[in-house]
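Scroll down for the structure; my scribbles are underneath it.
Read the figures in this text as sums done on the coordinates, not as results from a lab. Just so you know, these numbers come straight off a predicted model, no measurement behind them. Methodologically, a virtual Cβ is constructed for each residue, glycine included, from the backbone with ideal geometry; neighbour enumeration extends over all protein chains shown.
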Amino acid sequence: MSTTLTAFRTSTSSGFDIERVRADFPILEQRVHDLPLVYLDNAATTQKPRAVIDAISNYYLSYNANIHRGVHQLSQSATDAYEAARKSVQTFLNAEDAKEIIFVRGATEAINLVAQSYGRQHVNSGDEIIVTAMEHHSNIVPWQMLCEEKGAHLRVAPINDAGELLLDEFEAMLNAKTKLVAVVHTSNVLGTVNPVRRIVEMAHTKGIPVLLDGAQAVPHGGVDVRALDCDFYAFSGHKIYGPTGIGILYGKRALLEAMPPYQGGGDMIRSVTFEKTIYNQLPYKFEAGTPDIAGVVGLGAAIEYVNGIGLSDIVAHEEDLLAYGTEALGAIPGLTLIGTAKEKVSVLSFVLEGIHPHDIGTILDRQGIAIRTGHHCAQPLMQRFGIPATARASLAVYNTAQEIDALVAGIHKVKEVFA
Amino acid sequence: MSELQDLYQEVILEHSKHPRNFRGMENANLQAEGYNPLCGDHYTIFLEVEDGIIRDISFQGAGCAISKASASMMSQILKNGTTAEAEELFEKFHQAVTGKESGKEPDAVGSLGKLEAFAGVAAFPTRIKCATLAWHTLHAALKGDQVVSTE
Ligand SMILES: Cc1ncc(COP(=O)(O)O)c(C=O)c1O
C-alpha cells in the first residue's frame with residue numbers, strides 16, 4: 001500500500017501542495033478528544049478556508065450595508081461584492097447570463113423554489129415527475145408535496161446493486177405525462193456520478209425539462225450547465241468550502257422569466273400599489289427580502305479559492321484518495337462498501353458485519369475521526385439496500401492518505417471493541 | 001479511551017450480541033413501536049400485563065449495541081415485576097444516563113442493579129437516546145400509545 005502512497009500527488013507540477021492547502025484551513029489544527037482531528041464528514045459540510053472566513057468578517061468589518069437600495073458608499077460596495085459573487089458563480093457554472101444565477105439558502109431551497117414556482121405552474125392532476133432511487137430527501141419531499149397538492153405521481157427510476165442508475169429503465173419511464181425529471185448529479189451516500197448528460201438528452205428528446213441536484217457534484221467535479229444543457233441546477237455553498245445558509249439555483253433564462261415568483265417581499269418588485277404589483281426582473285424576482293449578503297460574499301470567496309487551487313487538481317487529489325481508501329477499506333474483513341459505481345467520487349460508505357454504524361461513529365469519534373453515520377437523509381436508498389444506516393467517510397481537498405490510514409486503524413479498533 | 005470502555009462494558013456487548021427475550025409475542029396485550037429517526041434504531045416492545053404485573057415482556061427490531069443491550073436488559077429485569085416498579089426504574093435509569101448532562105449527581109446509580117452498566121452513557125450525550133429508546137417505548141406501551149419517536 002505504501003507504493004500507492006508514493007504515487008500521491010502531494011505536490012504536483014501544477015503546484016498542488018497538500019500541506020499548503022491544509023494550512024489554509026485553521027480548524028484542521030484542532031485536536032478532538034486529545035487527538036488530531038481527522039475530518040471525514042465533508043459530504044455533510046466542508047471546512048472553511050481562511051480566505052472565506054476573512055471575506056465574511058471583512059464584509060462586516062468594513063462595508064456592511066444593505067444592497068440595491070442605498071445611495072451611499074457602503075451600500076454600493078456591498079452591492080458590488082454581492083454582484084461580483086454572482087458573476088463568479090456564473091463563470092464557475094459556465095452559465096450564459098448572470099441573471100440565471102439565483103441566490104437561495106441552499107440546494108434544498110433551490111429545489112423547493114422550482115417545485116413551488118415552476119412545478120405548481122406546470123404540473124397537473126395525473127402528471128408525473130421522475131426522480132431516482134438515490135435521491136436525498138430534499139429532492140424527494142418537495143416533489144411529494146407538489147404531487148400531493150396536484151394529484152400528480154412521483155415515479156422512481158431504479159438503480160442496481162452497485163448504486164448505478166438503470167438508464168434504460170429510466171428512459172422507458174419518460175412519457176407524455178412526465179412534466180419534470182429531478183435527478184441527483186452525485187449521490188451523497190454512494191458517491192455515484194450519474195450520467196446526467198445522457199439523462200438530459202433522453203428527457204429533452206421528449207420535451208421534458210431536467211433539474212439536477214448538484215450539492216455533491218459541484219465540489220468534486222465542477223459543472224458546465226451549458227454543456228449539460230440542464231434546465232435547473234441546484235447546489236449549496238457550504239459543501240464547497242463556503243458558508244452555510246447560502247446556495248444557488250441556476251435556471252435557463254427563458255424558463256425563469258416565465259415562472260411566477262416564489263416569495264413576495266422587498267427587492268423582488270419593481271413597483272407596488274395595493275391594486276397591482278409589478279415584479280422585478282431576473283434574478284431579483286426570486287430574491288425577496290434582504291439576502292444573506294455575507295453568505296454570498298463568502299460563497300464568492302470560496303469559489304475563488306477553489307479556482308485558485310484549480311478544480312482539476314482538487315479532483316485528481318480526491319480521486320487518488322478515493323482509490324486508496326477503497327482499496328484500504330475493502331481489505332478489512334467484514335467490511336462492505338455500499339456504492340461501488342464505476343463513475344464515483346469522494347464518498348466511502350460502508351457497513352461492518354455485526355456492528356451498527358452508530359457504534360462505529362462513536363468509537364471513531366473518540367479517536368478524533370469525524371464521519372457521519374445514519375441514513376444520510378436518503379431513507380428510500382437505505383431501504384433499497386436493505387440496511388438501516390451506513391457509516392460514511394467523505395473526502396475533501398485537504399484530506400490525506402495518512403487520514404485514510406487513521407480511519408483504517410480506527411475501524412480495526414472498532415472491531416476490537418466488539419471482538 | 002477509558003470512557004469508551006465504560007460505554008461498551010462487557011455486559012452491554014454481551015447483551016447486544018445475544019439479546020434476551022428477543023422475539024415477538026402472540027398474546028401480548030400491550031405493545032408499542034419505538035423509533036429514533038436520527039440513527040434508524042427501531043424496536044417493538046411486547047407486554048403481557050395482568051393485574052399490574054408484567055407476566056411477559058419481549059422485543060424485536062434493530063439498532064446499535066447500546067439500544068439493543070438496553071432493551072435486552074430491561075426486558076430481563078422487568079419480567080414478573082409490577083408496572084409501577086417499571087415506571088420507577090425508568091425514572092432512575094433516565095436520571096443515571098443523563099446524569100452528567102443535567103449536571104446532577106447520578107444518585108440513582110447504585111439502586112439500578114445490573115443497569116448500572118449504562119452509567120457510562122452519560123459521558124456520550126449523543127448516545128443517551130440509544131440507551132433510553134426501549135424504556136421510552138415501554139412507557140408508551142404501558143400508557144397505551146402505539147408509536148413513540150425519540151425526536
Ligand atoms: C445530494 C444532496 N442534495 C441536497 C442536499 C441538501 O443540501 P442543503 O441541506 O445544504 O440544502 C444535500 C446535503 O446533504 C445533498 O447531499
About the Cα centre of region A:53-307, how large is the charge dipole given +1 on each Lys and Arg Cβ and -1 on each Asp and Glu Cβ? Please answer in debye to the nearest 20. 540 debye
Compute the Kirkwood hydrodynamic radius of chain B, taking the inverse of the mean of 1/r over all pairs of distinct Cα atoms, and give it in Å to one decimal. 15.1 Å
Ranked by Cβ crowding within 10 angstrom, fewest neighbours first, how are B:Ser58, B:Ser111, A:Ser271, A:Ser349 ordered? A:Ser271, B:Ser111, B:Ser58, A:Ser349
Of the candidates B:Leu38, B:Leu13, B:Leu89, which one comes out as most mobile in a Gaussian network treatment of chain B with C-alpha springs shorter than 10 Å? B:Leu38
Taking the Cβ of A:Pro26 as the center, what net charge do the other residues with Cβ under 15 Å away carry, scoring Lys and Arg +1 and Asp and Glu -1? +1
Rounded, prolate or oblate (a/c below 1.5 giving rounded, otherwise prolate when a/b exceeds b/c) for chain A by Cα gyration tensor: oblate
To the nearest 20 debye, the protein assembly as shown has a Cα-centred charge dipole, built from +1 on Lys and Arg Cβ and -1 on Asp and Glu Cβ, of 880 debye
Mean per-residue count of partner chain Cβ within 10 Å for B:62-75 equals 3
How many percent of DSSP beta bridges within the protein assembly as shown run antiparallel, rounded to 5? 70 percent
How shielded is B:30-41 by partner chains, expressed as the average number of their Cβ atoms within 10 Å of its Cβ atoms? 3
Find the all-direction average of the projected area of the Cα convex hull for region A:255-378, expressing the result in square nanometres with one decimal place. 13.0 nm²
Cα-Cα over 18 Å, subset of A:Lys48/A:Lys413; A:Lys206/A:Lys285; B:Lys92/B:Lys129: A:Lys48/A:Lys413; A:Lys206/A:Lys285
Tell me, in nm to one decimal, what length is gained between B:Lys114 and B:Asn29 on full extension, where the rule is 0.36 nm per residue of separation less the Cα-Cα distance? 27.9 nm
Debye, to nearest 20: dipole size of region B:2-144, +1 on Lys, Arg Cβ, -1 on Asp, Glu Cβ: 340 debye
Ranked by Cβ crowding within 10 angstrom, fewest neighbours first, how are B:Leu78, A:Leu93 ordered? B:Leu78, A:Leu93
If unit charges are put on Cβ atoms (+1 for Lys and Arg, -1 for Asp and Glu) and the dipole of region A:53-307 is taken about its Cα centre, the option from A:Thr277, A:Met259, A:Ile240 lying farthest towards the positive end turns out to be A:Thr277
Can you give the relative contact order of chain B as a percent, counting alpha carbon pairs under 8 Å and 6+ residues apart? 31 percent
Take every DSSP beta bridge with both residues inside region A:206-269 and express the antiparallel ones as a percent of the total, to the nearest 5. 60 percent
Would you compute, for the Cα atoms of region A:344-419, the largest minus smallest coordinate along each principal axis and list the three values in descending order, in whole Å? 34, 33, 17
